[in-house]
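Data first, discussion second: the structure below is written as structure tokens.
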Amino acid sequence: MAYQALYNKYRPQTFAEVVGQKSIVQTLKNAIAEDKIAHAYLFCGPRGTGKTTMARLFAKALDCLEGLGEQCLTCQSCKAIASGEHPDVVEIDAASNSSVDSVRQLIDNVSYQPILSRYKVYIIDEVHNMSTPAFNALLKTLEEPPSFVIFILCTTDPQKIIPTILSRVQRFNFSKVSKEDLIFNLKRVLKAEKIDYEEEALESIAALSDGGVRDSLSLLDQLVSYCDGKILSKDVDELFGLLSRKDELSLLSLIEKKDTARVLKLIREKYHSGMNVLRLHDDLIDIYKDLLILKTTKDPSLMSRLTKEEATPLLILSNSALRDNIDLLIQKRRDYRYADSLLSHLELTLMSMAEKENYEPTPTPSPRVEEKKTEPSATIESTAVEITSTPKERKVETPEKKEEPIHYELSDIVNLMNQASKEERLSVSSQWEKLTELFFDQRRGYKAKALYSAKLRLVSQGVLVLTTKVLSDLEILKDKAEQESLSLLAKEVFQKDYDILAISDEEFKEALNLFRSQGEKKKEKCNIDFGRKKATTGSTAFFQELMQDKED
């Protein structure tokens, strides 16, 4: 007999075997018991949470020959539904039968009486793939089907279903299955398969499956093939590219110590060993969340990934620092879809975290102020003057004024294109990788990572034109206040003075189209203000004036 995948072999055959979804199970059982069976249902929710399985179980409870609501598993009807051969339970894959003609054929068959059972049940899987004309053709039948027909629509994207269909069905929202239920189900399967396991390994599988029962059993299937008789935590890490808990905590410790060099070495070593970048990023969010929960509530039982012993060494982080790290990680998680290299994006994210001041400030005792002994002859006026003068001694910090971004027109970029040298661009491009060497310098890493995450588009008139999809880096590169330090970095790498102009991809494409549409190419000087020209002009005028005074 051919091998059967675990998620098929251990698919629930009765309501009692369903993992999670207790409220939906109870509602359907009550509807059958009280004879309040609707003519159409919509089962929607994430993949692998039991929508199609629940539809089959509901059909089994409706058509079991032992009685309405039973699931005996031994009668002809129950066996036929389990094998997918029941003539009155029809499963349709809407992904491959989405046309209006397929729906019309279904409607033609609806009016025929059941062959074997009480009800004809139509299970339409992935119903969101149906076209609008197909939905419209189904409307009338779905609203008023024959009394012996029940429709069950299953989907992962209910928002794609037209409102007129949604108003005609009873909707059940399937939720992701809890970690505890997934682990319980995994243990049940492993016990039946007579396979030993480590508890921590099952926790990792449950975390990877993200609330999907089918996903958890698929991962377990892979591990059974990979492992040698026992499911170990290290096997899970190796097979799915995870960092062990020890490595993740070591990484956090290095970040908080601001040891950027060792952070990057560890990340690159694990990456070349098969590390899953996105999974590590998500794990870091969960770990920082656990630390914030423990510091806020003092209750270790509320943490999902760490134990109290693992979390204690990292509790020196302040609450605001933990929130900042979580916000940064969440923001950078969204930016992966724009990144050319997942590893580089992760490295830049960790460098940004290492640059923050994350520790709780150590309270310092305020200097002791000795009380002045007032002479008996002191007047009330002199005392009043002394009291009112005290606030003047306090230093009031004013927020630093942020520089304006670099101002440029589309015509400025076109002018640069008109005078660009292909040879110079190739020369600069060949040295661009040298920016990675500056990652290890704490003083320059923040600026270097903004340059390195950008793409070099144009070199002309002493200007490097860059584009980047990382919004935070684009703000750094556009800030006039950063231009001097960015230019110093560029000179250190390319051995030449360059100004930095960062623009969006859309702006560059628009300028390129304008450049290509031009007939005669006019070579005009670039007049972009990078924030230093005004200061240079002023200092030169002052120097000339000073020299003129000296001659006079």
Which is in a helix (DSSP H, G or I), in contact with a strand residue (DSSP E or B) (Cβ under 7 Å, 6 or more places away or on another chain) and over 30 Å from A321 (Cβ atoms), of L223, L239, L217?
L223
Scan the range 13-55 for residues that are surrounded by fewer than 19 Cβ atoms within 10 Å (Cβ to Cβ), in contact (Cβ under 8 Å) with a residue 40 or more places away in the chain and more than 30 Å from the chain's Cα centre (by Cα) and report the count.
7
Scanning the range 416-432 for residues that are open to solvent by 50 Å² or more (accessible area, probe 1.4 Å) and closer than 23 Å to E492 by Cβ, which turns out nearest to the chain's Cα centre (by Cα)?
S430
For the range 269-291, what are the residues that are open to solvent by 50 Å² or more (accessible area, probe 1.4 Å) and of a type in the set (S, T, Y)?
Y271, S273
State whether the residues of the range 67-87 include one that is among the polar types (S, T, N, Q), touching a Phe, Trp or Tyr at 6+ places or on another chain (Cβ under 9 Å) and assigned to a helix (DSSP H, G or I).
no
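Look through L266, L294, L317, L243 and report the one residue that is open to solvent by less than 40 Å² (accessible area, probe 1.4 Å), modelled with pLDDT of 90 or more and under 30 Å from V470 (Cα atoms). Walk me through how you get there before you give the answer.
On the way: L294 fails: under 30 Å from V470 (Cα atoms); L317 fails: modelled with pLDDT of 90 or more; L243 fails: modelled with pLDDT of 90 or more.
Result: L266 is the single residue among L266, L294, L317, L243 that is open to solvent by less than 40 Å² (accessible area, probe 1.4 Å), modelled with pLDDT of 90 or more and under 30 Å from V470 (Cα atoms).
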Would you confirm whether or not the range 283-304 contains a residue that is under 22 Å from A206 (Cα atoms) and in a loop (DSSP other than H, G, I, E, B)?
yes
Taking the range 127-178 and keeping only residues that are in contact with a His (Cβ under 7 Å, 6 or more places away or on another chain) and among the acidic types (D, E), one is left with D157
Part of a loop (DSSP other than H, G, I, E, B) and either at pLDDT below 90 or open to solvent by 40 Å² or more (accessible area, probe 1.4 Å) (or both): does that describe R333?
no
Can you confirm whether L65 is open to solvent by 10 Å² or more (accessible area, probe 1.4 Å), touching a residue at least 40 places away in the same chain (Cβ under 8 Å) and not basic (K, R)?
yes
Members of the range 155-208 found to be open to solvent by 30 Å² or more (accessible area, probe 1.4 Å) and assigned to a strand (DSSP E or B), listed by number
Q170, R171, N173, D196, Y197
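The values are calculated or read from the model by the stated rules, or taken from the named source; none is laboratory data. Treat the numbers as computed from the prediction; the structure is a model and nothing was measured. Neighbour counts are summed over all protein chains in view; Cβ atoms, including those assigned to glycine, are modelled from backbone coordinates with ideal geometry. Accessible surface areas use protein heavy atoms only, side chains included; no ligands, DNA or RNA. Shrake-Rupley method; radii C 1.70, N 1.55, O 1.52, S 1.80 Å.
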